[in-house]
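Notes to accompany the following structure.
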């Protein structure tokens, strides 16, 4: 066994800087586009593929590389995204159909009246739309528009946390820890909200700031551990999620956080000065936190695409070794990006305590932190993509509740559809294969010159 | 930083006194050791823990005594006979191992790596058997005095480590081992003495047996992780494999009316999750962590949905699997403490021991294992010598899934006899942690799982007797330990080099 021949992808310290990654040039050996993309993405088999495949970023830019615009649309990413959503919805429909006892009877005379079967499958989806976008059965305009405001409310924390996950993805970090960061943001924000009594305006700002700091601390710890010791962020974030959760549960039993006179582990209500103002009046839950989410999206967009540190983040994400060689302080970028990602998740926590829930409880983060991962993946880790993905999943969430109430279809189906969407989107070749859209061995690889394989050189001592 | 980035190989100058990490590294003797800078991390880490220990066990000690009940046997005659036999066997083992240890040292040869651990294990068994023979039912110790003794030992060990670091030498493994054991004992005594009763006590046998029971799914899950990651595929989907295994075991066992069929179906279900993982990540080259995370969500949603729609409608026909009964191995099951742990298990429990041994031997002592590890460490090299990298990975991921699936069946066939929503409760992630804590080694993963199971069980035990530590902090312990482990504060855990990187031939 030769174990020391290849430095680990995440080898800590400055070792890898000394020896620039010896690229395995794939040139011309394989003609399949997928393979070349992956080699590009993994820096020639030196690191795990990123969450945002290199192909995604490349294809959307150089359109000049042959193939018409029409072709691009049909095999491109937008098409894949749309098809993924469709496929997931169809599969979800099949699942609902199979498990619905009424469908079993309807299927009996399927050939006589295929419409009945379809109705049974479509009914939950109708309820889903009714519960998330527009309720045409509502009596007045308020009731009719209530679902869409509900969707926006539910989307708010999803978007904020999703942005945090997406930002970390772009820097090549898997931030599974949005859950813990949301909890910390909520913890800090809520404490500032109910323990301090400040004038209107200032109080909300302080609460938001406290939430940002809380999330940034919990995210920054991950970045620090990763940069200083090389600890893998996936493991650290998963563990910190649990630690944050238990810490929250513990704090809610202490006098500082528990509501006076309550035996339940819940905090006092936040001061009214600490709450996000309601946007459309008291009958809707929609609050100004949604505006904060839009603002956050703009800020992240600016950060990633227009600022120096954003460029550094992306460079580190694309290839840390190359970035280091180019003089970028990778450790600093890692810590910074995790802190910012944590702050965004912390904002989601603030949106929860200061907008939707108005107090702190053990379930404040629900499963937002995990949904945020799927949101970021669906949004392909771009700020606006994440924003719209957050809206879509918010609609699923809000509509799922209505669906469960109306048609007794368990809300868990939403989880299934969401995860299927992400699974399909993560594997464009799979979707293309299903729909027969695979480009037939088109242009050969675009990267590098055909050259001898150098990957095996260092392994001379192997075996 | 320079010393800490060293691979673990550098930490163990070939005396073989290393801790339980028996992978293929640890053989190399780095000649530059003498002049190298030694990291202060161990010294400082131990020092902080020692101070913590002194404060807790010494200054915050309770004046009460702490009692530890030894498991009470069912048949006193059988028990004492078993204890005598164990005593004899353990005595022989300790003598033989000790003789080998000393003779190897005298000849100046490196002591085989397994000997110290085996000797200590045999000595522990000897001690327990002696307790059984003497008919001791309960040990009561003064917590204050022992707390201070433990604190002093901890401080001394930390001081010794710092002294060695000053001299430019590395802290040997036994200091860390001693520190861990003393800390654990001191902690136990402190925790128990803090109970509500005037004379608080806990059942040591029950604590151990419960720990092993709780560890069963963790062990299977972490073994699944070891199999996959040694071949270079990150398996975050352990949680999903456990959950689908549990679900499938419950449903199939109920429908077929046979728990063993349920057990097999659990393995198939776990392998099915793995099939998706392997297909998407190996064939379609999607990032393995993404696939794992998404699969967990998918399985959680799918099983919850099916549970709500089908299983709750019709629990009698779909969710009443029956149980795998515990099987006593006659005579051996009567050995005090060890008996119930090792020899009073369900079929799944025995399968666990078999799986640990088979995978350990398979990975480190067979041609197959060498190939698997080659694929995980350096796929290009493995490919060059004619190993089919992606097929090896595919097969390993499938096997890993099947094993985790069997672990999942534990939930529905052994511990509770019905499926419920999200019943794996994040144990897949703890299994992942156990695998890392155990340094990608089956034995290490097994021991780490036991530690986590122990922490879990201790948490529920001390909630009952009442304790000075809030139960949430006890629940946090496995996760905090894992963070410390991956941050390299306790040794350095290094994943297989090609872990997570898809292999594209060419």
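Quick notes on this one:
- Scanning region B:423-442 for residues that are farther than 29 Å from residue B:304 by Cα and in a loop (DSSP other than H, G, I, E, B) returns B:438, B:439, B:440, B:441.
- From the list B:156, B:71, B:81, the lone residue that is at pLDDT below 80, within 30 Å of residue B:200 (Cβ to Cβ) and either surrounded by fewer than 16 Cβ atoms within 10 Å (Cβ to Cβ) or in contact with a strand residue (DSSP E or B) (Cβ under 7 Å, 6 or more places away or on another chain) (or both) is B:71.
- Criterion: crowded, with 23+ Cβ neighbours inside 10 Å, within 8 Å of another protein chain (Cβ to nearest Cβ), assigned to a helix (DSSP H, G or I) and touching a helix residue (DSSP H, G or I) at 6+ places or on another chain (Cβ under 6 Å) - qualifying residue of B:286, B:291: B:291
- Total residues in region B:294-311, condition more than 7 Å from chain A (Cβ to nearest Cβ) and touching a residue at least 60 places away in the same chain (Cβ under 8 Å): 5
- Just one of the listed residues (B:263, B:275, B:242, B:279) is part of a helix (DSSP H, G or I), within 12 Å of chain A (Cβ to nearest Cβ) and over 23 Å from residue A:372 (Cα atoms), and it is B:279.
- Total residues in region A:219-260 satisfying the condition of being facing chain B (nearest Cβ under 10 Å) and either at pLDDT 95 or above or closer than 15 Å to residue A:349 by Cβ (or both): the figure is 8.
- Residues in region B:371-387 that are within 7 Å of another protein chain (Cβ to nearest Cβ) and either in a helix (DSSP H, G or I) or free of Cβ contacts under 8 Å to residues at least 40 places away in the same chain (or both): B:373, B:374, B:377, B:380, B:381, B:384, B:385.
- Residue check for residue A:416: crowded, with 24+ Cβ neighbours inside 10 Å, more than 10 Å from chain B (Cβ to nearest Cβ) and modelled with pLDDT of 80 or more: no
- Annotation note: of A:164, A:138, A:177, the sole residue that is in contact with a helix residue (DSSP H, G or I) (Cβ under 7 Å, 6 or more places away or on another chain) and either on the phi > 0 side of the Ramachandran plot or surrounded by fewer than 24 Cβ atoms within 10 Å (Cβ to Cβ) (or both) is A:138.
- Residue in region A:280-287 that is under 23 Å from the mean Cα position of the chain (by Cα) and either within 14 Å of chain B (Cβ to nearest Cβ) or farther than 21 Å from residue B:477 by Cα (or both) present: yes
Results for (1) facing another protein chain (nearest Cβ under 9 Å); (2) modelled with pLDDT of 85 or more, shown as yes or no for each residue.
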{"residue": "B:447", "(1), (2)": "no, yes"}
{"residue": "B:450", "(1), (2)": "no, yes"}
{"residue": "B:459", "(1), (2)": "no, no"}
{"residue": "B:462", "(1), (2)": "no, no"}
{"residue": "B:466", "(1), (2)": "no, no"}
{"residue": "B:469", "(1), (2)": "no, no"}
{"residue": "B:486", "(1), (2)": "yes, no"}
{"residue": "B:504", "(1), (2)": "yes, no"}
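- From B:270, B:257, B:206, residue being away from chain A (no Cβ under 14 Å) and at positive phi: B:257
- Test: residue in region B:444-453 that is out of contact with any strand residue (DSSP E or B) (no Cβ under 9 Å at 6 or more places or on another chain), more than 30 Å from residue A:254 (Cα to Cα) and not in a helix (DSSP H, G or I): no
- Whichever residue in region B:162-186 is surrounded by fewer than 18 Cβ atoms within 10 Å (Cβ to Cβ) and within 18 Å of residue B:56 (Cα to Cα) and, among such residues, is farthest from the chain's Cα centre (by Cα): B:185
- Criterion applied to B:430, B:406 was being more than 16 Å from residue B:260 (Cα to Cα), under 22 Å from the mean Cα position of the chain (by Cα) and touching a residue at least 40 places away in the same chain (Cβ under 8 Å), and the one residue passing it is B:430.
- All of A:133, A:122 fail the test of being modelled with pLDDT under 90, surrounded by fewer than 17 Cβ atoms within 10 Å (Cβ to Cβ) and within 27 Å of the chain's Cα centre (by Cα), apart from A:133.
- Yes/no for residue B:321 being buried (at least 23 other Cβ atoms within 10 Å of the Cβ) and more than 9 Å from chain A (Cβ to nearest Cβ): yes
- Residue count, region A:340-373 (criterion: under 19 Å from residue A:168 (Cβ atoms), surrounded by fewer than 24 Cβ atoms within 10 Å (Cβ to Cβ) and at pLDDT 90 or above): 0
The values are calculated or read from the model by the stated rules, or taken from the named source; none is laboratory data. Since the model is a prediction, treat every value here as computed from it, not as a measurement. With ideal geometry, Cβ positions are generated from the backbone for all residues, glycine too; neighbour counts draw on all protein chains shown.
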